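Asker: Take a look at the following structure, please.
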Amino acid sequence: MKWFTPRSPRDRSIALTAPTLEGSTWPPADPAARSGFGAATTHRLGLDAAFTPEAHEIADLLTARLLPLLPFEASAEDLPHVVHLLRSAAQAGAGIGIVDARDTSLAPGRMGADVAGALGEADRDLPPMPASLRACARYLLHAGHHVARVGTGVVPALEAALERSTATD
């Protein structure tokens, strides 16, 4: 008699895709994305990693290169706060990407399913804001993660894709 029947292994990873402004590649939307303890733990570890020099460098780079291309509106008095919010989103995404990169069991081009859930938690942590600004913040969360995983050499491609997507809007 067999007392233990192992379950079939589930794919615990999601394709690592470049961010899009409309959110079509947003990892938490993937059916394999996880929520719960693993995602919450990864989110917390990612927030800790967001304060590393590497995450700061990624956030600074994305703020300088991508933020000027994002379609959001802010008054002159609100602009410094909006820039800070968007930079913080990029930094949080970079921190989560740094944690994701530590997982040596991932195949190249894949991200952890708990990491996708952690990005969703980071999105839910954002303060209330207009939908267009939330789309920009979500984009930078995803971009921060993506650059932390793939490397800063991908930034020109993100710039070009963002320019194309905002030119057609």
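Asker: When you scan the range 67-76, how many residues do you find that are in contact with a helix residue (DSSP H, G or I) (Cβ under 6 Å, 6 or more places away or on another chain) and either without any contact (Cβ under 8 Å) to a residue 24 or more places away in the chain or not in a helix (DSSP H, G or I) (or both)?
Answerer: 4
Asker: Related question: Can you name the number of the only condition in (1) out of contact with any Lys or Arg (no Cβ under 9 Å at 6 or more places or on another chain); (2) free of Cβ contacts under 8 Å to residues at least 60 places away in the same chain; (3) open to solvent by 60 Å² or more (accessible area, probe 1.4 Å) that Pro128 fails?
Answerer: With respect to (1) out of contact with any Lys or Arg (no Cβ under 9 Å at 6 or more places or on another chain); (2) free of Cβ contacts under 8 Å to residues at least 60 places away in the same chain; (3) open to solvent by 60 Å² or more (accessible area, probe 1.4 Å), Pro128 is out only on (1).
Asker: Quick one: would you say Ala32 is of a type in the set (A, V, I, L, M, F, W, C), over 17 Å from Arg138 (Cα atoms) and either assigned to a helix (DSSP H, G or I) or open to solvent by 10 Å² or more (accessible area, probe 1.4 Å) (or both)? Quick ask: steps written out before the conclusion?
Answerer: Values: of a type in the set (A, V, I, L, M, F, W, C): yes; over 17 Å from Arg138 (Cα atoms): yes; either assigned to a helix (DSSP H, G or I) or open to solvent by 10 Å² or more (accessible area, probe 1.4 Å) (or both): yes.
For Ala32, the condition - of a type in the set (A, V, I, L, M, F, W, C), over 17 Å from Arg138 (Cα atoms) and either assigned to a helix (DSSP H, G or I) or open to solvent by 10 Å² or more (accessible area, probe 1.4 Å) (or both) - is met.
Asker: Can I ask one more? Restricting attention to the range 37-59, and to residues there that are part of a helix (DSSP H, G or I) and small (Gly, Ala, Ser), which single residue is farthest from Ala94 (Cα to Cα)?
Answerer: Initially, the range 37-59 is screened for residues part of a helix (DSSP H, G or I), giving 37-49, 53-59.
From what's left, small (Gly, Ala, Ser): 38-40, 46, 49, 55, 59.
Working: Gly38: 18, Ala39: 16, Ala40: 16, Gly46: 8, Ala49: 8, Ala55: 5, Ala59: 7 Å.
Filtering the range 37-59 for residues that are part of a helix (DSSP H, G or I) and small (Gly, Ala, Ser), the one farthest from Ala94 (Cα to Cα) comes out as Gly38.
Asker: A further question follows. Just to be sure, is Leu158 over 13 Å from Ala94 (Cα atoms), in contact (Cβ under 8 Å) with a residue 24 or more places away in the chain, surrounded by 12 or more Cβ atoms within 10 Å (Cβ to Cβ) and in contact with a helix residue (DSSP H, G or I) (Cβ under 7 Å, 6 or more places away or on another chain)?
Answerer: Values: over 13 Å from Ala94 (Cα atoms): yes; in contact (Cβ under 8 Å) with a residue 24 or more places away in the chain: yes; surrounded by 12 or more Cβ atoms within 10 Å (Cβ to Cβ): yes; in contact with a helix residue (DSSP H, G or I) (Cβ under 7 Å, 6 or more places away or on another chain): yes.
Against the criterion (over 13 Å from Ala94 (Cα atoms), in contact (Cβ under 8 Å) with a residue 24 or more places away in the chain, surrounded by 12 or more Cβ atoms within 10 Å (Cβ to Cβ) and in contact with a helix residue (DSSP H, G or I) (Cβ under 7 Å, 6 or more places away or on another chain)), Leu158 qualifies.
Asker: Within the range 135-155, how many residues turn out to be open to solvent by 60 Å² or more (accessible area, probe 1.4 Å) and among the basic types (Lys, Arg)? Break it down into steps so the answer makes sense when it comes.
Answerer: Just the residues of the range 135-155 that are open to solvent by 60 Å² or more (accessible area, probe 1.4 Å), to begin with: 138, 150, 152-153.
Next cut, among the basic types (Lys, Arg) only: 138.
Total satisfying the criteria: 1.
Asker: Look through the range 51-81, keep the residues that are more than 21 Å from Leu158 (Cα to Cα) and hydrophobic (A, V, I, L, M, F, W, C), and return whichever of them is farthest from the chain's Cα centre (by Cα).
Answerer: Ala76
Asker: How many of the residues making up the range 71-109 are surrounded by fewer than 23 Cβ atoms within 10 Å (Cβ to Cβ), touching a strand residue (DSSP E or B) at 6+ places or on another chain (Cβ under 7 Å) and within 23 Å of Thr52 (Cα to Cα)?
Answerer: Residues meeting the conditions: 2.
The values are calculated or read from the model by the stated rules, or taken from the named source; none is laboratory data. What you see is a predicted model, and the numbers here were worked out from it, not measured in a lab. We place every Cβ from the backbone using ideal geometry, glycine too, and count neighbours over all the protein chains shown. Only protein heavy atoms, including side chains, enter the accessible area calculation; ligands, DNA and RNA are left aside. Shrake-Rupley method; radii C 1.70, N 1.55, O 1.52, S 1.80 Å.
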